[in-house]
Amino acid sequence: MNKESFLEILKEHPFTKDLSPEHQAKLAELAHETRFEREQIIFHESDASQFFYLILKGKVALEVMAPGRALRIQTLTDGEEFSWSSLLPSTRKFFQARALTSVRALVFDAAQLRASCDQDCSFGYAFISRLLAVVAGRLQATRLRLLDMYGVQERTTHEGDD
Amino acid sequence: MKATTNAHCSTPPQALNSAALADPMMPSVARVVQVEKETHDTFTLSLAAHNGGTLPSFAPGQFSMLYAFGVGELPISISGDPEDSGKLVYTVRSVGQATHALVTRKPGDPVCLRGPFGTGWPMTEARGKDVLVVAGGIGLAPLRPAIYHILRHRGDYGRLMILYGARSPRDMLYRKQLSAWAYLPDTQILTTVDYGGLSWRGYVGVVTTLFRYVRLQPDRTVALICGPEIMMRYVVRELELRGMSSSETYLSMERNMKCGVGLCGHCQLGPHFICKDGPVFPLSRLQRWIGKYEL
């Protein structure tokens, strides 16, 4: 795929479709296509956070490994993004990412993205604003899960009042 | 008796047995015919009439007061097929003494019941429209009769979309049924869990994240929601963002229901008695009251 193809994709992807044409073009210059096979580990916990991904097709799971316990904590699919922490300098992964299906994605070198944000504040603001919306959504979802809504302490329609 | 009528539902008015018609506080005896384990703590009880009597009919969304002898009485939504007149089906989560007493009943054991009580899902109003069902945890149980009704009268409704969130895969109700329904035409089933093991291939995340996979046409959709109240509030917010009308969004509410007929006042929410005026309400009637502390 060439840069023109990436630009067309970015015009449609939910994360980038509302960016200005100039900012979409700037991102297209930084984009590369990547593919992962089913069950392939995209990155491991503690890996350096180097890349940012936009999922074009497929399903990715974020997982956490603990002694005797492995948990799948989030799934992401077409039109979503992952590895937002790569936009922070010098971070390492807290989770493992696994392709649950074959996955096609656009990948961006995080150092280049950060440099572009530094050099062009207008682009940086637009990009980080979208990233903030993603992070806010994930934070809200995490807070909801912290409530353990479906746990036994909740009285739902059937639990009665004993 | 208000509890025996249902303005929303196409199902005929209740044909309560004579004892219930005479006095809604008078329980009648039924017998357990089947106890089915749904999850590690949740069971589905099927009750049949005792000694050749008849069971009352019900509308999807209604509940009964079930009495475990010597332990206590509980409001339990009916989770079976409203057109299967031979039995009443309840899905009960064991969280305390009375629910434990119910789920440990054996076939042949007696259980007392009153009702059915309350309003049902708006099955008549939903005719000709798409139906979006959003359930969380055991909240799928009171929605199942509405799903049965739609599947029995498939031509009367548009697309059926079911979004179901549970704590983990082992907490999901009716998994085989959900899998089977997913193959039906014009039916979309999306399930998600708060967390899963590595063998779980489905979605992981809160139920509201499933909205991105649904093609919602707000002007021709009726939404039916049941689950923990905080989940329902977030679902309502998502529906509002997508242009759903508050008069086409219905919630099944839970409060401390005791008498079942709006006399004791235990289940009051603002000006409403959940047992008599609900448990199913259009959002437009609840907006002032949900989310208020200590209501």
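The values are calculated or read from the model by the stated rules, or taken from the named source; none is laboratory data. Note that the structure is predicted; figures quoted are calculated from it, not measured. Glycine also receives a Cβ, built like all others from the backbone with ideal geometry; neighbour counts cover every protein chain displayed.
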Exercise for the section: Only residues that are more than 19 Å from B:V261 (Cβ to Cβ), touching a Leu at 6+ places or on another chain (Cβ under 7 Å) and either buried (at least 24 other Cβ atoms within 10 Å of the Cβ) or in contact (Cβ under 8 Å) with a residue 40 or more places away in the chain (or both): list them for region B:49-76, please. Expected result: B:A68
Fill in the blank from the handout: If we keep only residues of region B:164-194 that are within 14 Å of another protein chain (Cβ to nearest Cβ) and part of a strand (DSSP E or B), then the residue nearest to B:L224 (Cα to Cα) is B:Y164
Completion exercise
Log entry, pairs with first residue in region A:72-93 being within 8 Å of another protein chain (Cβ to nearest Cβ), second being crowded, with 20+ Cβ neighbours inside 10 Å and of a type in the set (S, T, Y), beta carbons closer than 7 Å, six or more apart or on different chains, reads A:T75/B:Y203
Problem - Qualifying positions in region B:199-257 - facing another protein chain (nearest Cβ under 8 Å), among the aliphatic types (A, V, I, L, M) and either out of contact with any helix residue (DSSP H, G or I) (no Cβ under 6 Å at 6 or more places or on another chain) or part of a strand (DSSP E or B) (or both) - result: B:V204, B:I230, B:M231
Handout entry: Single unsatisfied condition, A:T101 versus (1) surrounded by fewer than 17 Cβ atoms within 10 Å (Cβ to Cβ); (2) within 14 Å of chain B (Cβ to nearest Cβ); (3) without any contact (Cβ under 8 Å) to a residue 40 or more places away in the chain
Key = (3)
Exercise for the section: Take B:A146 and decide whether it is among the hydrophobic types (A, V, I, L, M, F, W, C), surrounded by 24 or more Cβ atoms within 10 Å (Cβ to Cβ), outside any helix (DSSP H, G or I) and modelled with pLDDT of 95 or more. Expected result: no
Completion exercise
Selection from region B:207-259 of residues touching a Lys or Arg at 6+ places or on another chain (Cβ under 6 Å) and of a type in the set (A, V, I, L, M) yields B:L216, B:V222
Completion exercise
Flagged pairs (Cβ under 8 angstrom, 6 or more apart or on separate chains; first in region A:52-67, assigned to a loop (DSSP other than H, G, I, E, B); second charged (D, E, K, R)) are A:G58/A:D78; A:G58/A:R104
Exercise for the section: Could you tell me whether any residue of region B:174-183 is surrounded by 18 or more Cβ atoms within 10 Å (Cβ to Cβ) and either of a type in the set (D, E, K, R) or in contact (Cβ under 8 Å) with a residue 60 or more places away in the chain (or both)? Expected result: yes
Practice task
Confirm whether B:K129 is in contact (Cβ under 8 Å) with a residue 60 or more places away in the chain and either within 13 Å of chain A (Cβ to nearest Cβ) or surrounded by fewer than 17 Cβ atoms within 10 Å (Cβ to Cβ) (or both).
Solution key: no
